[in-house]
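The values are calculated or read from the model by the stated rules, or taken from the named source; none is laboratory data. In this text the structure is predicted, and so the values were computed from the model without any measurement. Quick reminder, even Gly has a Cβ in these numbers, built from the backbone with ideal geometry, and neighbours come from all protein chains shown.
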Amino acid sequence: MAETLSTGESRYWPIYGSNTAERNSPYPSLLRLLRSHSPTASHLFGFLALLISGCLLTFLLGVSLTATALGFIAFLPLIIISGPIWLPGFVLVGRCLTVVRFLVGTVAIVSWTYRYFREMHPAGSDQMDYARGRIYDTASHVKDYARKYGGYFHGRAKDAAPGA
């Protein structure tokens, strides 16, 4: 189906039909390209699995939303009647959980601080030591600069208050 030209190139004849108008059409080469890149059986199987699992999950989503809506409608009178009992219970449980969270946080902070000052190297103590060193170095540089040059303002206090 290929014709060799004088330049050495091959020209492919169209797959369907044989008149000259179809010879210069890009569609036959596009069809050949699509056939050479056609999906394999594993690609088709993967797409089929994706399609089936997507449909199944969509169906389950619809069932669960429907069951939730129907359950809410069915139990709405019971929820309204027992609401004055449940609401204070939820508030009380929420407050208790908040107090427990604050206590656990306080115990964790106190424990870490105790281990840090007893030099037991808790997690994060390296960063604390590095930050403390940086702060100390910066403070010493500021102090040295102030001693050497007489401060950072260089006598600009007069500019700030001309009458002083």
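A few comments on the model shown:
- Residue check for Ser64: farther than 30 Å from Arg132 by Cα, surrounded by 10 or more Cβ atoms within 10 Å (Cβ to Cβ), within 34 Å of the chain's Cα centre (by Cα) and modelled with pLDDT of 90 or more: yes
- Condition met for Ala160 (surrounded by fewer than 10 Cβ atoms within 10 Å (Cβ to Cβ), of a type in the set (Gly, Ala, Ser) and at pLDDT 80 or above): no
- So Ala108, is it under 30 Å from Arg132 (Cβ atoms), of a type in the set (Gly, Ala, Ser) and surrounded by 10 or more Cβ atoms within 10 Å (Cβ to Cβ): yes
- Residue in the range 119-134 that is exposed (fewer than 10 other Cβ atoms within 10 Å of the Cβ) and either of a type in the set (Phe, Trp, Tyr) or on the phi > 0 side of the Ramachandran plot (or both) present: yes
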